[in-house]
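The values are calculated or read from the model by the stated rules, or taken from the named source; none is laboratory data. This one's a predicted model, so the numbers in the text were calculated from it and none came from an experiment. Note: ideal-geometry Cβ built from the backbone for every residue, glycine included; neighbour counts use all protein chains shown. The accessibility values were calculated without ligands, DNA or RNA, using every heavy atom of the protein model including side chains. Shrake-Rupley method; radii C 1.70, N 1.55, O 1.52, S 1.80 Å.
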Amino acid sequence: MENVSQIELLAQRPPVQAALRSFYTRQQEIVELIIAIQQIPAPTFAEAERAAYMEQRFAGLGLADVAQDGLHNVYGRFPGHSPTATPLVISAHLDTVFPANTDLTVQRKDSLIYGPGIGDNSAGLAGLLTLAQTLRDFALRPAADIWFVANVGEEGMGDLRGMRAVVERFGPGALYIVLEGGLYGQICHQAIGVRRFRLDVSGPGGHSWGSFGATSAIHVLGRIIAAIADLQAPQTPRTTYNVGLIEGGTSINSIAQKASLWLDLRSEDAGALRQLEANVNKVVQEVVAKFPETAVAMHLVGDRPAGKIPRQTPLVSWAEAALQHVSQETITYMTGSTDTNIPLSQGIPSVCIGLTRTGHAHRLDEYLDTTFLPQGLSQLLLLTLTAAGF
Ligand SMILES: [Zn+2]
């Protein structure tokens, strides 16, 4: 395999060897950096404090053009030596799923560190800083500019708004690497599409005894949910639906005037996702047609586009070869919903890789296994140097 030998040769160059070794000697320091980032709350839509920290660290590392945009995406450039080389954008999301008042105390048990957001994505952000520091300290200067980006809005209702702005800024003429703290051993070059809706039902309502017979928004909502649950979704391409949240009504003895549901539709394939959405619309209209006193409104509240690039794309092959160099384990090709959705949906070369193993993501007892950090950082460095032309 040509790419393997390319990576092998790269890894044998003395300054690269020294840099790779440093990930093992600096492991404890890197762990402390991860915890320092994790201690700063950063719920989606409230990332400013963590963004300010990253901006200050970018500047401290001597990156050029350090700045935030209006969304609190933070940018910094490690200058390449060839102005015509394809720039490389390396990003990690700032936000977490945890509200601002979450107890962020960490606990250590052997190689594991427990704490909300420790892996997703404090480890990814620490990876950005560690990589920038390593390039500087070992004087590894590739041809291309490397843009380090700590971006907002990856989780929940953030709807990838941070990454949308990043890809708008650098456009299709860049390569994109997305860092996720917990995906070590996995490579993502295929993004699933996600469409999310809030569906509001309204009706006349009334007293449960006195107005019995009037249409209830809750009863209609229940029929809509049952109709959605009866839909067939293809297994290939994998396509799913979920009503994840409902609310509505006034009291136990009121016929409900309002009721809502939150619906999450996903597919590996954009066409299958459109078909599923059309099927949902059809059954909703069928139910509503039976209850002329009710009105239904469906609002799009999330839209993460599907997309993929071929596994033979150089960026993907380099990520594979770099992972093979640092580990003998089999590579998992993850299909997911990450910041790579944005470039992948536009056919722009992009890959998401991980830095270590984590567990219980999006839970308060989330943990990170520090064991794999040196390997994860080694994969990242080798991929970065190859992609940026060292
Ligand atoms: Zn994440």
Find the all-direction average of the projected area of the Cα convex hull for the chain, expressing the result in square nanometres with one decimal place. 20.9
Straight-distance crosslink candidates among aspartates and glutamates, where the alpha carbon sits under 19 Å from Lys308 and sequence neighbours closer than 8 are dropped: Glu154, Asp159, Glu168, Glu180, Glu268, Asp269, Glu320, Asp339
Which of Phe58, Phe212, Phe138 is most accessible, then next, and so on - probe 1.4 Å: Phe212, Phe138, Phe58
Point-to-point label distance, Thr240-His81, nm (Cα→Cβ direction, 7 Å offset): 4.8
Could you order Tyr24, Tyr367, Tyr184 by accessible surface area, starting with the largest, using a probe radius of 1.4 Å? Tyr24, Tyr367, Tyr184
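When you have a sec, figure out the Kirkwood radius of region 193-304 from all distinct Cα pair distances and drop it here in Å to one decimal? Working shown, then result.
Working: mean 1/r = 0.0687 Å⁻¹.
Every distinct Cα pair counted, the radius reaches 14.6 Å.
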Within the accessible area of the chain (1.4 Å probe), percent carbon and sulfur: 53
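Mind ranking Asp230, Asp365, Asp65 by accessible surface for me, highest first, 1.4 Å probe?
On the way: Asp230 120, Asp365 60, Asp65 85 Å².
Greatest to least solvent exposure: Asp230, Asp65, Asp365.
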With every protein chain in place, the accessible area of Lys282 for a 1.4 Å probe, in Å² rounded to the nearest 10, comes to 130
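Within the chain, what percent of beta bridges assigned by DSSP are antiparallel, to the nearest 5?
Values: 52 of 74 bridges.
Among the beta bridges of the chain, antiparallel pairing accounts for roughly 70 percent.
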Once the whole set of protein chains is in place, how much accessible area is left on Thr386, using a 1.4 Å probe, in Å² to the nearest 10? 20
Distance in nm between label sites at Val301 and Ala270, each 7 Å beyond Cα in the beta-carbon direction? 2.6
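Evaluate the relative contact order of region 157-300 (contact order divided by residue number), counting alpha-carbon pairs under 8 angstrom at least 6 apart; express in whole percent. Display every interim value, and only then the final one.
On the way: 219 pairs, mean separation 46.7, N = 144.
So the answer I get is 32 percent.
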Can you compute the modelled spin-label distance between Glu168 and Thr250, with each label point 7 Å from Cα toward Cβ, in nm? 4.2
Can you give the accessible area of Glu168 in Å² (nearest 10), computed on protein heavy atoms with a 1.4 Å probe? 150
